[in-house]
1. Which number comes out as Rg/Rh for the range 3-74 once both Rg and the Kirkwood Rh are worked out on C-alpha atoms?
2. Any idea what Rg and Dmax come out to for the range 113-198 if you just take the C-alpha atoms, in Å?
3. Going by amide H atoms built from the backbone, whose H comes under 5 Å of the H on Thr63, apart from near neighbours?
4. Can you give the relative contact order of the chain as a percent, counting alpha carbon pairs under 8 Å and 6+ residues apart?
5. What whole-number value in Å² describes the accessible area per residue of the chain for a 1.4 Å probe?
6. Please compute, over every Cα-Cα pair in the range 1-126, the percentage with a separation greater than 21 angstrom.
7. For the range 72-87 and the range 109-148, compute the distance between their C-alpha centroids and round to whole Å.
8. Give the Cα extents of the range 53-194 along the principal axes, in whole Å, largest first.
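The values are calculated or read from the model by the stated rules, or taken from the named source; none is laboratory data. Please read these numbers as outputs of a predicted model, since none were measured by experiment. For the accessible areas, the whole protein counts, side chains as well, though only heavy atoms, and no ligand, DNA or RNA atoms are used. Shrake-Rupley method; radii C 1.70, N 1.55, O 1.52, S 1.80 Å.
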Amino acid sequence: RLGAGMSRFGDNRHTYAQASGSLVRMGGATFASRDIHDAFAVVSTDGHAGVPVMLENRVVGQTDRRGRLLVARLNAWQRNKLSIDPMDLPADVRTAEVERIATPSDRSGVHVRFEVAPVRAAVVVLHDAAGRPLPLGSRVRVGDRHEEAITGYDGETYLEALGVHNRLRVSTSQGACSVEFDYPESSTAIPRIGPLHC
């Protein structure tokens, strides 16, 4: 807070200026804030800006262009629930946790990091050799992984953790087949790939 003023008493004039607040240095960044009388946290979303941050299920702000936010109203020695809304993250990233508990000591702060990692995901459209969509419920594996995805309507299948080059193994009610494709590296959203003929 900044303040300035001027007063006059007869022939005497008096001017003044004042400033109050806090400077916080944490997580490689410096923040200016109003007075912090209790505890605080610096929330990080790995460089993702504009992510809403909640304290006890109430939005207290959004991360800045560096993916950081100072939350200055934490209670010392108590469990403070900090969370983010994953719906405001880009479609091509994933976070393992959307909620963290912070318990800072009196007049101190904690760094709370929500790990946000890029993920290669795509909707892959799979057709048979005759050009018909694969049957609903066909099982799809990426490479030699054990996890399976299921084809939906029109042969559409959502796949995550794809590589630059991918080989799919598909099991249908009519038999098994395989198909290969490259992931489009220039994509900034979840791409739709295909139809691919299996």
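1. We get a ratio of 1.24 for the range 3-74.
2. Expressed in Å, the Cα Rg and Dmax of the range 113-198 come to 13.1, 50.
3. Excluding prolines and chain starts, which carry no amide H, the hits are Gly50, Val51, Val53.
4. Details: 446 pairs, mean separation 30.4, N = 198.
Result for the chain is 15 percent.
5. Numbers: 12250 Å² over 198 residues.
It amounts to 62 Å² per residue over the chain.
6. 50 percent
7. The two parts, judged by their Cα centres, are 33 Å apart.
8. Reported extents, whole Å, longest axis first: 68, 29, 24.
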